[in-house]
Amino acid sequence: MSESALLTVDNLDVSFPSEAGRVRAVRGVSWQLNQGEVLGIVGESGSGKSVSSLAIMGLLPERARVSGSIRLRDRELIGLSDKEFSAIRGSRIAMVFQDPMSALTPVYPVGEQIAEALRAHDRTRSRESARNRAVELLDLVGIPNAANAAKAFPHEFSGGMRQRVVIAIAIANDPDLIIADEPTTALDVTVQAQVLDVLTTAREVTGAGIILITHDLGVVAGFADRLMVMYAGRTVETGSVHEVYETPRMPYTLGLLGSVPRLDDDAHRPLVPIAGRPPSLVDLPAGCPFAPRCPLAIDACLTEEPPLIGADRAVACIRTDDVATAQQETEDVAELATRIYADQTPLSVRSEPKPRDERELVLDVRGLAKYFPITKGVFRRQIGEVRAVDGVDLDIAAGETLGLVGESGCGKTTTLLQVLELAKPERGSISLFGEDVAELDRAGRKRLRRNVQVVFQDPIASLDPRMPINDIIAEPLRLYDLPAAQVRARVAELLELVGMSPEHAARYPAEFSGGQRQRVSIARALALEPKLVVLDEPVSALDVSVQAGVLNLLAELRERLGLSYLFVSHDLAVIRHVADRIAVMYLGRIVEIGAASELLDRAAHPYTQALLSAVPIPDPSAERSRDRIVLVGDRPDPARPPSGCRFRTRCFTYAALPEPDRARCADVVPELREQGTAHQVACHYPKVRGVI
Amino acid sequence: MIRFLLRRLVNYVVLCFLAVFFTYVLASLTFDPISLLKAHKPPPPAATIADKVHQLHLDQPIPQRFLTWFTSVLHGNFGDTVYGSAIAPDVWERAGVSFRLFLFGTIFAVVLGVLVGVSGAVRQYRFSDYASTFLSYILIAMPVFVLGTLLKYGATELNYATGSSFLLFTGETTPGFTGSFGAEIWDRFRHLILPTIAIGLGPAGAAYYSRYQRNAMLDVLGADFLRTAAAKGLRRGRVLYRHGLRVALIPMAALFTYGFATMIVGGPFTERIFGWYGMGDWLIIGIQTEDTNLTATVTLFVAVCVLVSGLLADLAYAALDPRIRI
Amino acid sequence: MILDEDAAAHPPTDDRGPSAPSASRGALVWRRLRRNKMAIAGAVIIVLLFVAAFTYTWYWPWSYTQPDLTAFLTAPSGTHVFGTDNDGFDLFAETMRGLQKSLIIGLLVAVLSTGVSALVGSVAGYFRGWADWLITAIVDLLLTLPGFLILAVLSPTFRGKTWLLFVLLIAAFNWMITARIVRGMTLALKEQEFVRAARLMGLPSWRVISRHILPQITSLLIVDATVNVGGAILTETSLSYFGFGIQPPDISLGTLIANGTSSALTFPWLFFIPAGFLVVTVLAVNMVGDGVRDAFDPSSTRGARRADRRELRAERRAARAAGRDS
């Protein structure tokens, strides 16, 4: 480390009072950041990564107790008064927050909010000049038509656009340091790619050091120079981004790397789940806080917390040598993780099914459409409609998983709810197990319902908080009037099936972690032995290490019970891991559908390519050498979709077309057409391009 | 924007009409002014009673009575009282009395409520927060007739203790008082203090606003945009005032109409206790004499007040929140 | 602020199974409630008032029906601790009798109106349609036509009838606003994944409402019932104050206060003692209500009102939606 460190954090300690006792959120963390450097801080929820960044900004609540030292160049920041800190905040250190939807004051135009940041540190600047500079900054962060946009209010902007505004505020006074706390977590992947681009620009323009805080190992891989992994309020591993990704030494880091599904690896590799949860920071037991979850833990790990040993490359673990030895046998980090976490990682279990055309279709959707009316006035006069789903065709064969992927607002959830309603759709048809739902009577619907069950996204919201687990799982059984004894036995059996213990039946959902609750949801869905399970973003609310366990469970259940899945997700890496076939949705239509490997390797629709390109790969070398496609602009308003091909307004192929060829995109809605084998694309000018 | 307000106006006008209609019908059904007449001793002759029945249109079906009354209202005639005197001549004067009372009471309640609420939120869990919370609990638990009488009692004690008679609590002006314009205003002001406090602290007064304002402000205090504002380098005071309070005021506009309607209920009590002869006083007379026309007239006044307050709240809402400007 | 601290302070038990059996929800609520000193104080006061009011005939020599003809208008003294009124009735006996009536009315109205709110609100929110439209319309109408006014207009109908009719009428004009909150919560709950899951499982609507929706609203309903006790007592006293409520020879705190008002300056005990009991009762009820609310709502900042905030948000949404329509 050099003498010219921009920021020096020394033995930082932050604690809060809580009902249970004092929470030691950050425990003796030290590090340095140099001018122009990008430091990634990675950790799961509760690791203390956000708290330490707020300490640097001096934005912790008053009740927080902070000790240690934070120096910006030579200026000590801890203990500054509000007045002194205000002079530094926004001028020398700036921050970009997680949720752009709520980060801007709703009642002022965005230009004014940027101008305010300028004038706060330069009283001599005139309103006029601040306003002009705000427009320049908006232009710099890539907001089209900046002069007019400056007069717009935050609610008129999409999430991605708002995050750009927040970045514009952050770079307004040319800061030395920008802290970005999960800046892209709340955004769609294609927008995430745009925002990361803007952050790169910001770094080039200001030459500032950046601290990027995230739970996403993919995002830091492509962006950070150095990496710091936090666990239970401490740094457990740090080093250059290449070192940490390629030769992780702390088992926790290794586990994290093994648990992330990746776009570029073997699709059937079982993911590494890290059992257990981070410890409570109220009364930490002696020893390494990770020891209870660590596959390599020995008695010595439980007696004393290992110190962080090393300078630029440092690890807080006494078993690093064992990891190093193990790595001599395999270069591949995922493989290494699987070996070290062997106890917890199931074997790969995909059996070879019969050819697809010999199997029965469990779901067959043709031309499905759902329009939501936009009404007006007291008499609910209809003035327009949102075409949430507009002509969707898809099918699922027995024992197959169809991954339905798309960004927010693309209509994937509407599609799924339409299937689950078991009612005649407004337009098009839905057949389940060969029966058209439009022709079902009440009894038929009840019979069919047994065979189609659902698991929702939010493990907190999807279980009734006032009901014990037993009643939750028994509810569907009781609906079919099973005798009480049988219900009891079945609940116990189901809990075992999803890897929980029958004793859990008497407890309430609040007593369980997110992963466990999701297992309960799965148990409930399986209660009536369905043939098709609809999974609506079943892992997107979980930490990666927990997500891996649930994904593994789903894969195992599919094999054991012969289930078919309709798996809806925004995350292509997850979809790749579970799906046999993939359908990509954009603005209410399927743009590409096909066998998973075929579609991913030979993506032909520009949107699929952009989507794939935007998913970061948690491997610094691979990530940095990738061909990037960054889409322009935002998703259009679904109430006013573009004519012809709905994607053309953001399409790079369209943009590159000679004028006469464009007419087709603008006038003719592209239908799904065969593209190679078992692969259909809805594009007038499809062109295969490898982007992973 | 204009269309939005027009639509709201239509909505309010329909509500006003319905309110008056329902009151008129209900009152016609329950009131029996003739029985009061019959109760006189000695009882009046049958012819007198028949006259009265005819004069009050009691021989007509209720919808027809309402129609007759309502058409005349549209021509500025509010009908007669059960004693046969015309209502219309007094309407404007009484409306003015009540209007003055509510205007100052509302301003006092809103300003005080917002100030107390915001300081309670910003200084949450401090002594001042606890004190103002407890005080507002007591005020919420105290009916306005207790509060009014208490104020009157306190004022007497205060006047006695200071040997002055600064606080006046009977009527709007001192009877027979004449003087320069300034002196008259001063006289009115001294009469206004106590009733304004009674209205302002009474039901849906400052305590009501302060509780809501405190919650709205607490909601905003946790908001991300305050953190963004602080991260820009704004000082705490400016963050709280320019970004916090400004946003926390928005929901108060929506509350205002509710609050105002509830506050009106305090009118009859305050007017009675402090000897102001306004609409509230008239309502009580109307019900006690079982007078449908009078009761319906007061209801119309109440409804119009709520209508105006509703429109004002909508305007304030639109002015405060760019998200609903169209 | 979104900090990691909450997750860090209360990590869910590890993935292998809950480590320690945690207390049931009821016990948790009870524990939180017990910690709240204000709520405990309120509860103790209510219990004391109840006992004192309903057993006074056992320990008190005077009755509210038998005047002491040797003592008219005596100030509080050894024989008559609260003094006597101008007919020689013992004020303590009268106050206890009035308190009985007020407490009973408060309880009955609260239970009745909260029950109706729950039923109507959840049905309207779940099925939408005409019930939904009707509730919204009625609440809007109540905005312009305060319940107090309607009850006052209706007062001749229960003159001379049992006071139970009076209770029914207060309850009949008290449920709408809560129903609207319940409706709003039902709308939100209906979109919750567990309700959606129950519906898609094929559960009949009535079972979805009774097993999944109403239990989620219980805490709001309990809180609302508590607050309604206070509100109903205030409504009763306000109406009785003008003679529109409890009729002599029946006694309530309202009639006592009304009688005492005119002599508040000369014989203060006649006014201040019943008024004091009224304020303390309502205050105690509200303190308990607030405590219960906080105990049910772990995320609430103490004293902040979650239901109110929800309503505020609903208002905001409604206003925004209204804005969008035009």
When residues of the range C:173-221 are limited to those that are of a type in the set (Lys, Arg) and modelled with pLDDT of 85 or more, the one nearest to C:LEU141 (Cα to Cα): C:ARG183
Looking at B:LEU307, B:LEU300 in this structure, which one is at pLDDT below 90 and more than 7 Å from every other protein chain (Cβ to nearest Cβ)? B:LEU307
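For (1) surrounded by 20 or more Cβ atoms within 10 Å (Cβ to Cβ); (2) closer than 22 Å to A:ALA149 by Cα; (3) touching a Gly at 6+ places or on another chain (Cβ under 7 Å), each residue gets a yes or a no:
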residue: A:SER81; (1), (2), (3): no, no, no
residue: A:ILE88; (1), (2), (3): yes, no, no
residue: A:SER91; (1), (2), (3): yes, no, yes
residue: A:LEU104; (1), (2), (3): yes, yes, no
residue: A:VAL110; (1), (2), (3): yes, yes, no
residue: A:GLN113; (1), (2), (3): yes, yes, no
residue: A:ALA120; (1), (2), (3): yes, yes, yes
Filtering helices (runs of 4 or more DSSP H) wholly in the range C:127-197 for at least 2 residues that are within 23 Å of C:ARG211 (Cα to Cα) and in contact (Cβ under 8 Å) with a residue 60 or more places away in the chain gives C:176-190
Step by step: first the residues of the range A:241-266, then only those that are assigned to a loop (DSSP other than H, G, I, E, B) and under 16 Å from the mean Cα position of the chain (by Cα), then the one that is farthest from A:VAL323 (Cα to Cα). Which residue is that? A:LEU263
Could you grab me the full set of residues in the range B:275-297 that are closer than 17 Å to C:PHE148 by Cα, in contact with a Gly (Cβ under 8 Å, 6 or more places away or on another chain) and more than 10 Å from chain C (Cβ to nearest Cβ)? B:MET279, B:GLY280, B:LEU294, B:THR297
Name the residues in the range A:158-192 that are of a type in the set (Gly, Ala, Ser) and modelled with pLDDT under 90, would you? A:SER158, A:GLY159, A:GLY160, A:ALA186
Filter the range C:169-217 for residues that are over 25 Å from the mean Cα position of the chain (by Cα) and among the hydrophobic types (A, V, I, L, M, F, W, C) and give the result. C:PHE194, C:VAL195, C:ALA197, C:ALA198, C:LEU200, C:MET201, C:LEU203, C:TRP206, C:VAL208
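Conditions tested, residue by residue: (1) touching a strand residue (DSSP E or B) at 6+ places or on another chain (Cβ under 6 Å); (2) among the β-branched types (Val, Ile, Thr); (3) within 14 Å of chain C (Cβ to nearest Cβ); (4) touching a residue at least 12 places away in the same chain (Cβ under 8 Å).
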site: B:LEU6; (1), (2), (3), (4): no, no, yes, no
site: B:VAL13; (1), (2), (3), (4): no, yes, yes, yes
site: B:ALA46; (1), (2), (3), (4): no, no, no, no
site: B:ALA50; (1), (2), (3), (4): no, no, no, no
site: B:HIS54; (1), (2), (3), (4): no, no, no, no
site: B:GLN60; (1), (2), (3), (4): no, no, no, no
site: B:GLY76; (1), (2), (3), (4): no, no, no, yes
Taking the criterion of being without any contact (Cβ under 8 Å) to a residue 40 or more places away in the chain, within 11 Å of another protein chain (Cβ to nearest Cβ) and over 30 Å from C:SER263 (Cβ atoms), would at least one residue in the range B:113-125 satisfy it? yes
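Tell me, please, whether a residue that is at pLDDT below 95, within 7 Å of another protein chain (Cβ to nearest Cβ) and within 30 Å of A:ASP188 (Cβ to Cβ) can be found in the range A:77-85. Before you say what the answer is, go through the steps one by one.
Initially, the range A:77-85 is screened for residues at pLDDT below 95, giving A:77-85.
Right, trim to within 7 Å of another protein chain (Cβ to nearest Cβ) and you get A:82-83.
Checking which are within 30 Å of A:ASP188 (Cβ to Cβ) leaves us with none.
Within the range A:77-85, not a single residue is at pLDDT below 95, within 7 Å of another protein chain (Cβ to nearest Cβ) and within 30 Å of A:ASP188 (Cβ to Cβ).
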Scan (1) within 21 Å of the chain's Cα centre (by Cα); (2) over 25 Å from B:GLY237 (Cβ atoms) for the single condition B:THR156 breaks and write down its number. (1)
Which residues, taken from the range A:603-627, are modelled with pLDDT under 90 and farther than 21 Å from A:VAL260 by Cα? A:ASP627
Look through the range A:494-514, keep the residues that are in a helix (DSSP H, G or I) and among the charged types (D, E, K, R), and return whichever of them is nearest to the other protein chains (Cβ to nearest Cβ). A:GLU511
Please determine, by comparing only the residues of the range C:149-174 that are more than 19 Å from B:ILE284 (Cα to Cα) and polar (S, T, N, Q), which one is farthest from the other protein chains (Cβ to nearest Cβ). C:THR162
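For (1) in contact (Cβ under 8 Å) with a residue 40 or more places away in the chain; (2) touching a strand residue (DSSP E or B) at 6+ places or on another chain (Cβ under 9 Å); (3) among the aromatic types (Phe, Trp, Tyr), each residue gets a yes or a no:
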| site | (1), (2), (3) |
| --- | --- |
| B:SER210 | yes, no, no |
| B:ALA216 | yes, no, no |
| B:ALA230 | no, yes, no |
| B:ARG235 | no, no, no |
| B:TYR258 | yes, no, yes |
Where A:SER50 falls short, out of the listed (1) of a type in the set (Ser, Thr, Tyr); (2) within 11 Å of chain B (Cβ to nearest Cβ); (3) surrounded by 17 or more Cβ atoms within 10 Å (Cβ to Cβ): (2)
Keeping to the range B:147-199, report how many residues are surrounded by fewer than 18 Cβ atoms within 10 Å (Cβ to Cβ), in contact (Cβ under 8 Å) with a residue 40 or more places away in the chain and within 14 Å of another protein chain (Cβ to nearest Cβ). 1
Meets criteria (hydroxyl-bearing (Ser, Thr, Tyr), out of contact with any strand residue (DSSP E or B) (no Cβ under 7 Å at 6 or more places or on another chain), closer than 24 Å to A:LEU566 by Cα and modelled with pLDDT of 90 or more) for A:TYR586: yes
I'm trying to understand the selection: among the residues of the range C:199-244, which are among the hydrophobic types (A, V, I, L, M, F, W, C), within 30 Å of A:LEU422 (Cα to Cα) and more than 7 Å from every other protein chain (Cβ to nearest Cβ)? C:TRP206, C:VAL208, C:ILE209, C:ILE213, C:LEU214, C:ILE217
Take the residues of the range B:126-143 that are buried (at least 20 other Cβ atoms within 10 Å of the Cβ) and within 8 Å of chain C (Cβ to nearest Cβ): which is nearest to B:ARG246 (Cα to Cα)? B:THR133
Determine, yes or no, whether C:LEU265 is modelled with pLDDT under 85, within 10 Å of chain B (Cβ to nearest Cβ) and over 23 Å from the mean Cα position of the chain (by Cα). yes
Give the residues of the range A:461-485 that are surrounded by fewer than 17 Cβ atoms within 10 Å (Cβ to Cβ) and in a loop (DSSP other than H, G, I, E, B), sorted by residue number. A:PRO465, A:TYR480, A:ASP481, A:PRO483
Looking at the range A:327-336, which of its residues are more than 19 Å from A:ALA622 (Cα to Cα) and in contact with a Leu (Cβ under 6 Å, 6 or more places away or on another chain)? A:GLN327
Can you work out which of the residues in the range A:437-483 that are free of Cβ contacts under 8 Å to residues at least 12 places away in the same chain and small (Gly, Ala, Ser) is nearest to the other protein chains (Cβ to nearest Cβ)? A:ALA461
Count, please, the residues in the range B:217-267 that happen to be over 18 Å from A:SER102 (Cβ atoms), assigned to a helix (DSSP H, G or I) and within 11 Å of chain A (Cβ to nearest Cβ). 3
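The values are calculated or read from the model by the stated rules, or taken from the named source; none is laboratory data. Note that the structure is a prediction, hence the values are computed from the model and not measured. Counting neighbours? That spans all protein chains shown, and the Cβs are built from the backbone with ideal geometry, glycine included.
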